[in-house]
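What follows is a short report on a single structure.
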Amino acid sequence: MEIRSIRGMNDILPEESIKWKRIRHVMERVFESYGFREILIPVVEETCLFQRGIGETTDIVEKEMYTFEDKSGQSLTLRPEATASIVRAYVQHHLYASGKIEKFYFWGPMFRYERPQKGRYRQFYQIDVEAFGSDDPSLDAEIIASLYDFLTRLQVPGVAIELNSLGCPNCRPGYQKVLKEYFSDKQAALCPDCRSRLVRNPLRILDCKVETCHELAMKAPNIQEFLCETCKTHFEAVQGYLTELKIPTRLNPMMVRGLDYYVQTTFEAVSENLGAQNAVAGGGRYDGLVKQLGGPDIPGIGYAMGMERLVMILKEMEKESPPWPCDLFIATLGGRARRFGITLAAKIRKIGKVCEFSYEPKSLKAQMKLANRLNAKFTAIIGEEELRREEIILRNMRTKEQVTLPANETLADKIIAVMEPRETR
Ligand code: AMP
């Protein structure tokens with residue numbers, strides 16, 4: 001019987017991975033221009049890292065983790081997000097000892113046992129950005145700017161940044177109390193999840209997608225009115241910088257984000273091109289998290305972005321993926337020509353060009369067809385007859401022009417010279 005991939009876990013085939021590559025290219029360019037450096041973290045961590053880091057009352061920890069015991073009986077979990085792991089690495093390797101603001105970017109697969117649907121998978125990829133070492137609002141603004149910059153550089157249409165402040169341990173409990181009071185006499189209209197949220201984490205009700213809960217949440221007290229002076233001043237400064245940077249934002253007091261560690265600034269990037277799952281990225285400030293995970297009291301802020309959703313948007317935009325570039329195809333006829341051709345391919349690749357070789361000894365016509373399928377710009381035709389005369393033929397596949405070149409030591413350079421005439425190099 002055919003073996004298939006696991007539900008919600010997808011293969012990314014070359015047709016599509018070319019888009020992923022473009023995204024990663026822009027990711028490196030943009031994030032490195034902000035001084036973020038790449039960090040790589042393991043796929044598996046101790047389960048308690050996520051329980052402590054993400055929060056026991058979050059959907060991720062309550063229902064969505066891939067947790068298992070290894071052969072020694074230790075409880076391990078496939079990472080459902082990157083922030084907790086990056087904080088762990090930051091603490092474990094004493095990266096705070098530099099005394100600098102440390103800024104990282106990362107990309108890799110995440111695992112959540114969610115109900116798969118369009119834009120929602122069980123293995124999905126995130127790009128992640130994290131910065132540690134300052135609670136200054138200018139860092140919040142720069143982090144949000146890097147996200148906006150990245151999305152506009154990728155030409156994602158209709159990007160808007162939704163902003164909120166979730167307050168801090170000083171003012172949030174007061175708001176939570178008010179919220180609890182508001183929802184208490186409306187319990188009957190809440191979904192079962194929200195009824196339990198009311199006891200454990202009433203803020204999460206604001207985020208519920210169930211229609212009746214959403215309607216009640218719309219009329220709930222607004223968190224902005226309960227922020228303490230510190231949080232209010234901080235949030236106003238963040239908004240001021242973003243206005244200065246001309247980044248379009250809109251206030252969304254209902255956005256609470258699904259993770260427990262956020263304080264003060266939270267944000268999401270949304271795109272008009274995505275349907276129900278319109279959030280491309282989300283993040284916020286998590287000032288207590290480093291301490292909570294055993295490190296010093298150092299503030300942090302970051303965000304995560306779903307690769308699949310970005311790819312979906314880019315797919316909508318470019319109906320056809322650009323053909324894979326092939327600079328030279330090598331067609332051969334006969335055993336000696338094949339040996340000559342395979343060494344020529346090695347030399348061309350060493351020069352840095354994409355070169356394909358015809359692996360199967362087929363007719364010249366079949367090989368030319370293959371060259372066209374591969375979108376080759378040029379084809380080197382190497383036949384026994386030509387080799388006897390110490391020559392090969394180089395064909396421009398677009399103009400159909402052909403030139404004869406000497407099959408000697410300088411052949412690879414001569415081919416490059418024809419492919420890239422000096423004035424265009
Ligand atoms: P979160 O880590 O939940 O804040 O999500 C950050 C971003 O990751 C979202 O805005 C999505 O783009 C993406 N994302 C989250 N969960 C999934 C999923 N199950 N499948 C695909 N993308 C996801």
Given Cα pairs under 8 Å that are at least 6 residues apart, what percent is the relative contact order of the range 326-419? 29 percent
Counting only DSSP beta bridges fully inside the chain, the antiparallel percentage to nearest 5 is 75 percent
Please go through the range 1-53 and write out the GluC sites (Glu not before Pro) that DSSP classes as loop and that have at most 11 other C-beta atoms within 10 Å. 2
Top mean-square fluctuation among 82, 304, 412, Gaussian network model of the chain, C-alpha springs under 10 Å? 412
Most mobile of 387, 251, 259 in a GNM of the chain (Cα contacts under 10 Å): 387
The chain, accessible area per residue, ligands and nucleic acids excluded (1.4 Å, Å²): 51 Å²
For the range 50-94, state which trypsin sites (Lys or Arg not before Pro) are in a DSSP loop and have at most 12 other beta carbons lying within 10 Å of their beta carbon. 71
How large is ³J(HN,Hα) for each residue in the range 387-393, as worked out from phi by the Karplus curve 6.51 cos²θ - 1.76 cosθ + 1.60 (θ = phi - 60°), to whole Hz, x for Gly and Pro? 5, 4, 8, 6, 9, 9, 10
Which percent, nearest 5, of DSSP beta bridges in the range 326-419 are antiparallel? 45 percent
Could you work out how far the C-alpha centroid of the range 212-286 sits from that of the range 25-50, in angstrom? 23 Å
Excluding residues on the same chain fewer than 8 positions from residue 414, give the lysines whose Cα lies under 28 Å from its Cα. 347, 350, 353, 362, 365, 369, 377, 400
CD proxy at 222 nm, helix term only [per DSSP H run n ≥ 4: -39500 (n - 2.57); per residue of the chain; nearest 500]: -11000 deg cm²/dmol
Using the alpha-carbon atoms, what tilt in degrees (0 to 90, nearest 10) does helix 137-153 show relative to the longest principal axis of the chain? 40 degrees
Cα centroid distance between the range 183-207 and the range 70-120, in Å? 29 Å
Specify the angular offset, from 0 to 90 degrees and rounded to the nearest 10, of the alpha carbon long axis of helix 172-184 from the longest principal axis of the alpha carbons in the chain. 80 degrees
For the range 204-299, run through the GluC sites (Glu not before Pro) and keep only the ones in DSSP coil with at most 12 other Cβ atoms within 10 Å of their Cβ. 272
What angle do you read, to the nearest 10 degrees and between 0 and 90, between the alpha-carbon axis of helix 335-350 and the longest principal axis of the chain? 40 degrees
Put 143, 298 in order of accessible area, largest first, probe 1.4 Å, and you get 298, 143
Of the heavy-atom accessible surface of the chain (probe 1.4 angstrom), what whole percent is carbon and sulfur? 51 percent
Name the lysines eligible as straight-distance cross-link partners of residue 232: C-alpha to C-alpha under 27 Å, and not fewer than 8 places from it in the same chain. 100, 103, 177, 180, 219, 246, 291
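The values are calculated or read from the model by the stated rules, or taken from the named source; none is laboratory data. Note that the coordinates shown come from a computational prediction; the quantities given were computed from them, not determined experimentally. Ideal geometry is used to build each Cβ from the backbone, glycine not excepted, and the neighbour counts take in all protein chains shown. In case anyone asks, the SASA skips ligands and DNA or RNA and just uses the protein heavy atoms, side chains included. Shrake-Rupley method; radii C 1.70, N 1.55, O 1.52, S 1.80 Å.
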